[in-house]
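Shown next, in C-alpha cells, is the structure this report addresses.
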Amino acid sequence: MFGFLKKVGKVNPLEKISQELEMNMSNNYKDAAQENFREFERTLDALETEGKISEAQVSAYRQKLSAYKQKLKNYTHKDQKVTWML
C-alpha cells in the first residue's frame with residue numbers, strides 16, 4: 001500500500017561519499033578528499049558491475065567523477081609552501 005515509502009531514509013552510497021568529498025575539499029582536507037575520490041570511483045565501478053544503478057545514473061556519476069578529477073588534479077600538500085619556517 002505504501003510502496004513509495006520503501007526508499008525513504010535510504011541514502012545512495014555515492015551521494016554520501018560525494019557529500020564527504022565536498023566537505024573535505026571545502027575544509028581543505030586534501031588527503032581525506034583524495035581518499036574520498038578514490039572511494040567514489042571504486043563504489044561507482046562496483047555498483048555499475050553489479051547492475052544496482054541505471055545507465056542514466058552511471059552517466060551522471062561519471063560526469064561528476066570527471067569534474068572531481070579536474071578539481072583534484074593538483075590537490076595535494078606538495079604544492080603548499082611552508083610559511084611557518086622563516
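Here are the numbers:
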| quantity | calculated |
| --- | --- |
| Count - residues of region 16-31 that are touching a residue at least 12 places away in the same chain (Cβ under 8 Å) and surrounded by fewer than 17 Cβ atoms within 10 Å (Cβ to Cβ) | 1 |
| Long-range neighbours under 8 Å by Cβ, at least six apart or interchain, first residue within 13 Å of Arg38 (Cα to Cα) and at pLDDT 85 or above within region 67-78, second among the polar types (S, T, N, Q) and in a helix (DSSP H, G or I) | Leu72/Gln34 |
| Residues of region 7-63 classified as closer than 18 Å to Lys73 by Cα and of a type in the set (A, V, I, L, M), total | 5 |
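The values are calculated or read from the model by the stated rules, or taken from the named source; none is laboratory data. Predicted model, so just to flag it, every value in this text is computed and none were measured. No Cβ is skipped: glycine too gets one built from the backbone with ideal geometry, and neighbour counts run over all protein chains shown.
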